[in-house]
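The values are calculated or read from the model by the stated rules, or taken from the named source; none is laboratory data. Quick caveat, the model's predicted, so the values are computed rather than measured. Please note: Cβ atoms are built from the backbone with ideal geometry, for glycine as well, and neighbour counts cover all protein chains shown. Just the protein is used for accessible areas: all its heavy atoms, side chains included, with ligands, DNA and RNA removed. Shrake-Rupley method; radii C 1.70, N 1.55, O 1.52, S 1.80 Å.
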Amino acid sequence: MVFDRVSVPIAVCDVYGAVVLANPAMAAECGTTPGRLRGRDVLELFRPQEATQVERIAEALRLRHRSRYQVSVRWRTPDGAERYGELTADPVSDTVEETPTLLVMLRVLGEPEAPDVPPVRISPTEARVLALLAGGATTARAARETGLTVDGVNYHLRRLSARWGAANRTELVARAYALGVLAPGVWPPTPAASDEPE
């Protein structure tokens, strides 16, 4: 079974809730790798909000009822944030007589409000250089387009890399998108609106 590219957290569990197989998205919610989830109890990884929900599901599975079961859960992410969502379990087997496995999907509903993060401030020149790099421009082309020297472009890139802890230009461009410096979904890449003077 292959579902590595699926971004929805998914696991296959035995009828008792032990993980048999998990995709990377499910493992990421637990701060581990898919192989390390094998054998773990899904309801220990994701704490049910109400014990009665789990008891009703366990009884239904013992009676071989074939329904979709949902459990409201909370869990901590690897960075310590408390999240909440819903686990959906679908019993799956080739025949009704067989003991089913459970296809478990996690729907993330949210997490408590994060503290206000100050907006990222960069100069319009830095934003323009990043947009050019995101579009595939060389350092020489970025210099021509911005009216800087090659050394000037490299200066801005080194400064941004140090500020954001980026190891290379690819990571620098990725962080620019993640921080909202570059407008997502636009080609060619363009800086997001900036209120900082040059």
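For residues in region 67-92 being of a type in the set (S, T, N, Q) and in a loop (DSSP other than H, G, I, E, B), which is modelled with the lowest pLDDT? If you could, list the steps in order and put the result at the bottom.
Let us first name the residues in region 67-92 that are of a type in the set (S, T, N, Q), namely 67, 70, 72, 77, 88.
Filter once more, keeping what is in a loop (DSSP other than H, G, I, E, B): 67, 77.
On the way: SER67: 71, THR77: 79.
Only one residue tops the list, namely SER67.
Check region 108-116 and report whether any residue there is at pLDDT 80 or above, of a type outside the set (D, E, K, R) and under 30 Å from GLU44 (Cβ atoms). Let's see the steps before the verdict.
From region 108-116, those at pLDDT 80 or above are 108-109; that's our starting set.
Those left that are additionally of a type outside the set (D, E, K, R): 108-109.
With the extra rule that they be under 30 Å from GLU44 (Cβ atoms), the set shrinks to 108-109.
Yes, there is a match, as at least one residue in region 108-116 is at pLDDT 80 or above, of a type outside the set (D, E, K, R) and under 30 Å from GLU44 (Cβ atoms).
This table checks each residue for (1) in contact with a Phe, Trp or Tyr (Cβ under 9 Å, 6 or more places away or on another chain); (2) open to solvent by less than 50 Å² (accessible area, probe 1.4 Å); (3) modelled with pLDDT under 80.
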{"residue": "LEU133", "(1), (2), (3)": "no, yes, no"}
{"residue": "GLY147", "(1), (2), (3)": "no, no, no"}
{"residue": "ALA162", "(1), (2), (3)": "no, no, no"}
{"residue": "VAL173", "(1), (2), (3)": "no, yes, no"}
{"residue": "PRO188", "(1), (2), (3)": "no, no, yes"}
{"residue": "ASP195", "(1), (2), (3)": "no, no, yes"}
{"residue": "GLU198", "(1), (2), (3)": "no, no, yes"}
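Just to be sure, is ALA28 under 21 Å from the mean Cα position of the chain (by Cα) and among the hydrophobic types (A, V, I, L, M, F, W, C)?
On the way: under 21 Å from the mean Cα position of the chain (by Cα): yes; among the hydrophobic types (A, V, I, L, M, F, W, C): yes.
For ALA28, the condition - under 21 Å from the mean Cα position of the chain (by Cα) and among the hydrophobic types (A, V, I, L, M, F, W, C) - is met.
Conditions: (1) farther than 23 Å from THR190 by Cβ; (2) modelled with pLDDT of 85 or more; (3) crowded, with 19+ Cβ neighbours inside 10 Å. LEU61 meets all but one. Number of the miss?
Just one mismatch for LEU61, condition (2).
All but one of (1) in contact with a Cys (Cβ under 9 Å, 6 or more places away or on another chain); (2) at pLDDT below 80 hold for VAL104; which doesn't?
Every listed condition holds for VAL104 apart from (2).
Just one of (1) of a type in the set (A, V, I, L, M, F, W, C); (2) at pLDDT below 85; (3) open to solvent by less than 70 Å² (accessible area, probe 1.4 Å); (4) not in a helix (DSSP H, G or I) trips up VAL96, so point out which.
(3) is the only condition that VAL96 fails.
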